[in-house]
Amino acid sequence: MSWNRDAHYVVGADLGGTNIRAAVLDRAGKMLGHGKRPSLAQEGSARTVGQIKQAVEEAISESGVALSEIGGMGIGVPGHIDPAGKKVLWAPNFYEDSFPYRNISLADPIAEATGLPVLMGNDANVAAMGEFRFGAGRGTRTMVMFTLGTGVGGGLILDGKLWTGFTGGAGELGHIIIAAGERGGAAAYGSLESMAQISAICERASRKLCQGRKSVLADVSGYDWHRITPKDIADAAKAGDAVALEVLEETGYYIGLGVTSVVMLLNPEKIVIGGGVAGAGDLLFEPIRRTAFANSSSTLIKNCQIIPAELGDDAGIYGGAGLVFDALESAV
């Protein structure tokens, strides 16, 4: 399928392990219609493509826009996407024949099902594109985004373009090595993700409780770190709880070290930080900024803004739209 360069509308979509969310957007970034379905991530790619089709059809129907007026579809997928944006090289939370996705051609089946040309990107990369075009990164040419959640992801915008590297895997900022620390999940020893993913943050809080520290978090968790959430920690910190404040201070320090590496490597205009953990606000951002300023070259960090993301859970949808707008603008 070819891109409709004159189209005024596109579809942006965010494929998650639980749901697929889609929206029709105009060139100004206004959402005109929405669709949502369970992604059925464990039931094979054909079932997932069927769910994507239904979510897109719902969004188009709600928008009142004709299919012929839509230029294409961009979709964020949690995994390693090939540079052409057509194939999922690896996605650990999606299954085909009882095994995680490996070398699954997904864009073409989606295009066939929806009648739209399709581009895919890694979900964190696509979220960065959304913030760059429509959110906190507007007006910049060089921007880096960190996403803080179950894992730590990221995306790179270099000279106004999403940079995905030689094989499409660039931007895995959670795997920056910041210390000779512990291993967390699939993260390497001492990586940013191993120290700043949700499970690591909540486990640090629990360890302090088990050491006899007094905190309202003990009432929340019963000393079981699996029952503590980042919101619990943020709420306790905002109320002045010493343990919660200490956990956010430590977490901000680790993230600040990761930010320092990015500042020194890429000299970006903005560092945008999103994801659920970022909801702690200034109690997290203050130690991030302090650490980055203390460890970066002053001539680089003084001109780099470290700011919260603006688009929340919709960053992936906006970013999917951004992928298509880029394709339309470069079409000949």
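Data table
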| quantity | calculated |
| --- | --- |
| Mean separation of Cα contacts under 8 Å (6+ apart) over length of region 1-65, as relative contact order % | 29 |
| Entry for Cα extents along the principal axes in Å (calculated from the structure that is shown) out of (1) 58, 48, 42; (2) 59, 47, 39; (3) 63, 46, 34 | (3) |
| Length-normalised contact order of region 184-259 in % [C-alpha pairs under 8 Å, at least 6 apart] | 31 |
| Rel. contact order, % - alpha carbon contacts under 8 angstrom, at least six apart, the chain | 19 |
| Global geometry of region 1-105, whether rounded, prolate or oblate, following the gyration tensor of its Cα atoms and the 1.5 cut on a/c | prolate |
| Residue-normalised accessible area of the chain, given per residue in Å² at a 1.4 Å probe | 43 |
| Residue-wise HN-Hα coupling along region 36-50, computed from phi with Karplus coefficients 6.51, -1.76, 1.60 (Hz; x: Gly, Pro) | 8, 8, x, 7, 6, 5, 8, 9, x, 5, 5, 5, 5, 4, x |
| Simple Cβ-charge dipole of region 1-42, Lys/Arg +1 and Asp/Glu -1, about Cα centre, in debye nearest 20 | 80 |
| Sum of -39500 (n - 2.57) over DSSP H runs of 4+, divided by residues of the chain (222 nm, nearest 500) | -12000 deg cm²/dmol |
| Ranking by accessible area, most exposed first, for Val126, Val216 with a 1.4 Å probe | Val216, Val126 |
| Where trypsin sites (Lys or Arg not before Pro) fall in DSSP loop in region 216-308, at most 10 other Cβ within 10 Å | Lys302 |
| Dipole magnitude (debye, nearest 20) for the chain, charges at Cβ of Lys, Arg, Asp, Glu | 500 |
| Loop-exposed chymotrypsin sites (Phe, Trp or Tyr not before Pro) per DSSP, neighbour cap 14 Cβ within 10 angstrom, longest uninterrupted part of the chain | 1-165 |
| Whole-number D in µm² s⁻¹ for region 88-157, Kirkwood Cα-pair radius fed into Stokes-Einstein, 37 °C, 0.692 mPa s | 235 |
| Cα-Cα over 24 Å, subset of Lys53/Lys161; Lys87/Lys270; Lys214/Lys238 | Lys53/Lys161; Lys87/Lys270 |
| Listed peptides 45-52, 72-79 by packing density, highest first (mean Cβ within 10 Å) | 72-79, 45-52 |
| The chain, accessible surface, carbon-and-sulfur percent (1.4 angstrom probe) | 51 |
| Charged-residue dipole, Cβ positions (Lys, Arg, Asp, Glu), region 207-332 about Cα centre, Debye nearest 20 | 520 |
| For region 53-64, 3J(HN,Hα) per residue [Karplus equation, 6.51 cos²θ - 1.76 cosθ + 1.60, θ = phi - 60°, Hz, x = Gly/Pro] | 4, 5, 5, 5, 4, 4, 5, 5, 4, 5, 6, x |
| Antiparallel DSSP beta bridges within the chain, as percent of all bridges there, nearest 5 | 65 |
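The values are calculated or read from the model by the stated rules, or taken from the named source; none is laboratory data. All values derive from a computational prediction rather than experimental measurement. Positions of Cβ are backbone-derived with ideal geometry, glycine not excepted, and every protein chain shown enters the neighbour counts. Just the protein is used for accessible areas: all its heavy atoms, side chains included, with ligands, DNA and RNA removed. Shrake-Rupley method; radii C 1.70, N 1.55, O 1.52, S 1.80 Å.
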